[in-house]
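The values are calculated or read from the model by the stated rules, or taken from the named source; none is laboratory data. What you are looking at is a predicted structure, and each value in this text was computed from that prediction instead of being measured. Don't worry about glycine lacking a Cβ; one is built from the backbone with ideal geometry, like all the others, and counts go over all protein chains shown.
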Amino acid sequence: MKDHQEDFYPVAMTIAGSDSGGGAGIQADLRTFNAAGVFGCSVITAITAQNPREITHVAAMTPETVEAQFRTVISALAVKAVKTGMLANASIVKTVAGLLKKHRFPLVVDPVMISTSGTRLLDEDGLQAMKNELLPLANMITPNIPEAEWLTGSKLRNQADYIKAAMLLAQEYKCNVLLKTGHSADKGSKICDIAIIDQTPYLLASPRVGDLSEYASHGTGCTLSSGITAMLAAGCSWKDALRAAKAHVYGALNETAHIGKDLDGMYPPLEDHSKFITLAKLTAAKDSGKGPRT
């Protein structure tokens, strides 16, 4: 019998909304946890009626229901790392922040604000609550470009802007940052996210996947943040967690499943795609066009 928490099978928790279409949210998180060899548990913050093309209904849980799920899970399970995703409103954000302040875990915050289809997933008061109460608790935040623009109050147009914004967020919230650049207008051969680890900037890169169908990338943000969380729960370093999560997303995009008429979806890859992922330290030379230092 295993008597010590450190001997338990790694457990990761996701606090997020349910995606009835299975591509993002709780469903994507638990699928990613499982693929990483981690036991997944969940706190559901909202129920959505959606498929990859649209969201037709959103019903937020009560703060009491959110708190009951969290307390019941941690009373029995040896949770090693937590991620948050869609939190819906200020009351839920404040409830989650209050719980995480009392029960500190390695915390990855994906500041979900608006769905890819354009549906608002966090109300205005919730945005302020996230900035003031949840982000200061995070060990890593994983905004995409629109989210980083809102958090910094600046328009981000190029890689220099991305690096500056990521550094500002890391300094403001005293945490690691992964700025996801999939929304970039740049159509180069690689997707180059900006990672700030211990206040040091890195370029996390994977090849760009060509010929994706329109909705095949639905859930990439959830999958990436849950992949990082899973690897932290398994005891990996931040650098290894980033590499592994990025490889999982890249592989899932390469190995999409046909899930409906003219519809493909991400699915955990069968092949190991880690050899395609690079994490390189950025130096002043990078900004002058001489490239990153590996």
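So for the stretch 156-175 (the condition being surrounded by fewer than 17 Cβ atoms within 10 Å (Cβ to Cβ), part of a loop (DSSP other than H, G, I, E, B) and touching a Pro at 6+ places or on another chain (Cβ under 8 Å)), does at least one residue qualify?
yes
A quick yes/no check of all residues on (1) touching a Pro at 6+ places or on another chain (Cβ under 9 Å); (2) more than 12 Å from Val249 (Cβ to Cβ); (3) surrounded by fewer than 22 Cβ atoms within 10 Å (Cβ to Cβ); (4) acidic (Asp, Glu):
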position	(1), (2), (3), (4)
Lys187	no, yes, yes, no
Lys190	yes, yes, yes, no
Ile197	no, yes, yes, no
Thr200	no, yes, yes, no
Leu204	no, no, no, no
Val209	no, no, yes, no
Thr220	no, no, no, no
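Which of the residues belonging to the stretch 247-279 are under 20 Å from the mean Cα position of the chain (by Cα) and more than 17 Å from Gly210 (Cα to Cα)?
Pro268, Ser274, Thr278, Leu279
Name the single residue that is surrounded by the fewest Cβ atoms within 10 Å (Cβ to Cβ) among those in the stretch 1-18 being assigned to a loop (DSSP other than H, G, I, E, B) and modelled with pLDDT under 75.
Among those that are assigned to a loop (DSSP other than H, G, I, E, B) and modelled with pLDDT under 75, it is Met1.
Does any residue of the stretch 28-35 turn out to be surrounded by 14 or more Cβ atoms within 10 Å (Cβ to Cβ), part of a helix (DSSP H, G or I) and of a type in the set (Phe, Trp, Tyr)?
Looking for residues that are surrounded by 14 or more Cβ atoms within 10 Å (Cβ to Cβ), part of a helix (DSSP H, G or I) and of a type in the set (Phe, Trp, Tyr), one finds at least one in the stretch 28-35, hence yes.
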